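Below you'll find the structure, written out as structure tokens, and then a few comments.
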Ligand code: SF4
């Protein structure tokens with residue numbers, strides 16, 4: 001109802017979804033549902049769950065996503081939105097989990113374009129001026145051809161230490177093709 005009301009009032013609506021254990025298998029179905037019912041929506045964003053910001057309870061821990069699982073439905077969602085001419089971004093998602101859609105990574109875009117960002121939070125963080133987009137990477141990433149443009153794994157040491165990485169062995173031409181999409 002709130003989306004309907006916002007659209008009726010002329011508000012530009014964008015959908016921001018937090019990827020978590022409970023939606024990781026149907027991210028594509030969610031966007032298809034939204035586009036079907038609200039075709040005016042043109043831009044979608046996915047933020048991978050930020051464990052730092054959640055309560056430290058068993059219920060909260062159960063929301064941590066499985067990266068291999070969400071990667072499948074996320075790429076399907078991206079393919080669908082791309083086919084409909086819509087735009088999208090994914091944040092806190094390592095490039096090996098959005099293969100083919102590297103250009104949609106918020107961190108990679110910021111790294112390549114040397115961008116900064118100021119975010120105003122309603123909690124203790126208040127205003128944060130972000131200038132660093134590499135969240136940190138495990139040792140295996142050093143052999144990855146996307147190392148210099150990948151944001152790595154957010155909160156890897158504290159929470160996401162179970163996440164596997166898949167280093168890419170790519171040619172100069174393949175990397176150039178990825179860069180040309182920004
Ligand atoms: S292997 Fe590491 S550097 Fe390469 S895409 Fe995955 S997280 Fe990024």
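Taking segment 131-141 as the range and being over 8 Å from residue 167 (Cα atoms) and within 8 Å of the ligand (Cβ to nearest atom) as the test, the residues that pass are 137, 138.
Within the span defined as segment 40-50, one or more residues are modelled with pLDDT under 95 and closer than 22 Å to residue 96 by Cβ. A residue that is free of Cβ contacts under 8 Å to residues at least 40 places away in the same chain, in contact with a helix residue (DSSP H, G or I) (Cβ under 8 Å, 6 or more places away or on another chain) and crowded, with 17+ Cβ neighbours inside 10 Å occurs nowhere in segment 43-55. For first residues located in segment 151-169 and over 13 Å from residue 135 (Cβ atoms), partners that are within 8 Å of the ligand (Cβ to nearest atom) and in a loop (DSSP other than H, G, I, E, B) and lie 6+ apart or on another chain with Cβ distances below 6 Å form the pairs 167/144; 168/144; 168/145; 168/146.
One line per residue, one yes/no per condition, for (1) more than 17 Å from residue 19 (Cβ to Cβ); (2) touching a strand residue (DSSP E or B) at 6+ places or on another chain (Cβ under 9 Å):
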site	(1), (2)
98	no, yes
107	no, yes
117	yes, yes
131	yes, yes
140	yes, no
144	yes, no
161	yes, no
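Restricting 147, 160 to residues that are surrounded by 10 or more Cβ atoms within 10 Å (Cβ to Cβ) and either within 10 Å of the ligand (Cβ to nearest atom) or modelled with pLDDT under 95 (or both) narrows the list to 147. At pLDDT 95 or above and within 16 Å of the ligand (Cβ to nearest atom): does that describe residue 86? Criteria not met by residue 86.
The values are calculated or read from the model by the stated rules, or taken from the named source; none is laboratory data. The structure displayed is predicted, hence computed values, not measured ones. Note that we place each Cβ from the backbone using ideal geometry, even for glycine, and neighbour counts take in every protein chain shown.
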